[in-house]
1. Dipole magnitude of the chain about its Cα centre, charges +1 at Lys/Arg Cβ and -1 at Asp/Glu Cβ only, in debye to the nearest 20?
2. Tabulate in residue order the Karplus-calculated ³J(HN,Hα) for the stretch 273-284, using 6.51 cos²θ - 1.76 cosθ + 1.60 with θ = phi - 60°, rounded to whole Hz; enter x for Gly and Pro.
3. Over the Cα atoms of the stretch 59-139, Rg to Rh with Kirkwood Rh, two decimal places?
4. Within 10 Å, count the other beta carbons around each residue, average over each peptide in 155-166, 426-437, 459-470, and list them highest first.
5. Quick one: which residues, 5+ away or cross-chain, put their amide H under 5 Å from the amide H of residue 332? H built at 1.01 Å from N.
6. Long-range amide H contacts for residue 338: which residues qualify at under 5 Å (H placed 1.01 Å from N, peptide plane, sequence gap of 5 or more or a different chain)?
7. Which net charge results for the neighbourhood of residue 76, defined as the other residues with beta-carbon distances under 14 angstrom from its beta-carbon, given Lys and Arg at +1 and Asp and Glu at -1?
8. Could you please put 230, 381 in sequence from largest to smallest accessible area, using a 1.4 Å probe?
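The values are calculated or read from the model by the stated rules, or taken from the named source; none is laboratory data. Predicted model only: the values in this text are computed from it and were never measured. With ideal geometry, Cβ positions are generated from the backbone for all residues, glycine too; neighbour counts draw on all protein chains shown. Note: areas computed on protein heavy atoms with side chains; ligands, DNA, RNA excluded. Shrake-Rupley method; radii C 1.70, N 1.55, O 1.52, S 1.80 Å.
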Amino acid sequence: MLFLGIDLGTSSVKVVAMDSSGTLIGEGTAEYPLSYPKEGWAEQDPEDWWRGTVSSIKELIKTSGIGPEQITAIGFSGQMHGLVALDKDHKILLPAILWCDQRTQTECDELTEVFGFQGLGKRVANQALTGFTAPKLLWIKHTDPELFEQIEHILLPKDYIRYRLTGDFATDYSDASGMLLLDVQNKCWSNDICAYVGIKQSALPKLYESYEVTGVVSASTLEVLGLKGDILVVGGAGDQAAGAIGTGTVESGVISVTLGTSGVVFAAHDYFARDDQMRLHAFCHANGKYHTMGVMLSAASCLKWWTDTVNYDIPFDTLMSEAQNIPGYTQHVIFLPYLMGERTPYPNPDARGTFIGLSPTTTRGQMTRAILEGVAFGLKDSLDILHDMHIPIEEIRVIGGGSKSAFWLQILANILGLPVHRINTDQGGALGAAILAAVGSGAFDSVEAACLKIVRAIDPIQPKSEEIPHYKQLHYRFKSLYKALEPWF
């Protein structure tokens, strides 16, 4: 038995194959374009996702030598919040509006005014943010009411791939949690929000747990892919929940931190929990329970901007070496990492990146180090809110491109004041999707049992006790700077 995990990202799709022992057999990938037709807009053609998925599966089969009858089940990890709208003939009505699209601030303000800040919390457990799906629907209703009336089916990005595989309209609770249409605590669509937006619940996909079977690959699609047999398709999960499965973050007390393009602090727990100020997302988890999550819009992308745009002619290793030669206790330059606005703990699309504390003696190494520290401070903001919510924090697992840097992980450990661990795999969401497929097919009794067998924490990095007091003081200054600069953003 082999299980496919389809990880539908913003810039590319990855498909991996895993056997029942958790060993990865092979992978296939494909890239697709991202369009910015206007300032603050971000769109994609769902057909590009499908073409990429088909080519990735074919590449995987060709390069790994998998037989067409060996695949048992398929799971998903998908970019969240994106809107795919279909008409009565199942045709795409407009380009998919993505998670990073910022056009809907007016609609977010409208939803907050109508239902109240806490009213939204009681109904859907989260505040209205520009990335979420409900404001996108309201924007279409306002700007093109005739088009809005043609909407018969609403899907999230990965669920469009499911539809193309099976013909079914379905989603899972974790991904639906980010639509601002789901009553997260009670795991059902919110009648009040749907009615106000003007969406019939018949237009919304059927809800499943991430490991539940939602259908089988259709005969026509099997032919397109060159596969055979009854291949099960499970619910899958939003990218962060699937990534948490891929890191084994399924038990209370385990926290995963993503140092990728964006930054994420993800806490698994057995019960529904919501920060009263809704600074963190309160979502359903892919193991059937719940999670709380803080999101930074710019994390490793801050370092990429610094290395690729500002210092494009300087080798990356040189920049990191210069930063590492700066003793942490002498560092007084601060970087606010809000290059693309921010979500947690400041839901402000207008926030911007800022250096503070420059002088004639400031070096490039100090500025590079400030970027690494600024991202870590932003992650600590989310961890502090988890502390305030009394959510257990016993182990921190770090994934993403930034986790490859032992130096950055040491800074992170010093700032969080806790040991941080890598894990024994770097596949993240794709592996999580394959694990969900394996659970759905009966290869494992539960998501927890699968993660216990497949994923483990390794390489603990301990905080340096002598640097913790300095970073506590610097973090206090970091937080005060946002409030001081907010009126200028």
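1. Approximately 680 debye in magnitude.
2. 9, 9, 5, 4, 8, 6, 6, 10, 7, 10, 10, 6
3. Working: Rg = 18.8 Å, Rh = 15.7 Å.
Taking Rh as the inverse mean 1/r over Cα pairs, Rg/Rh reads 1.20.
4. Descending mean neighbour count gives 426-437, 155-166, 459-470.
5. none
6. Amide H neighbours of residue 338, under 5 Å, 5+ apart: 353, 354.
7. -4
8. Heavy-atom accessible area, descending, gives 230, 381.
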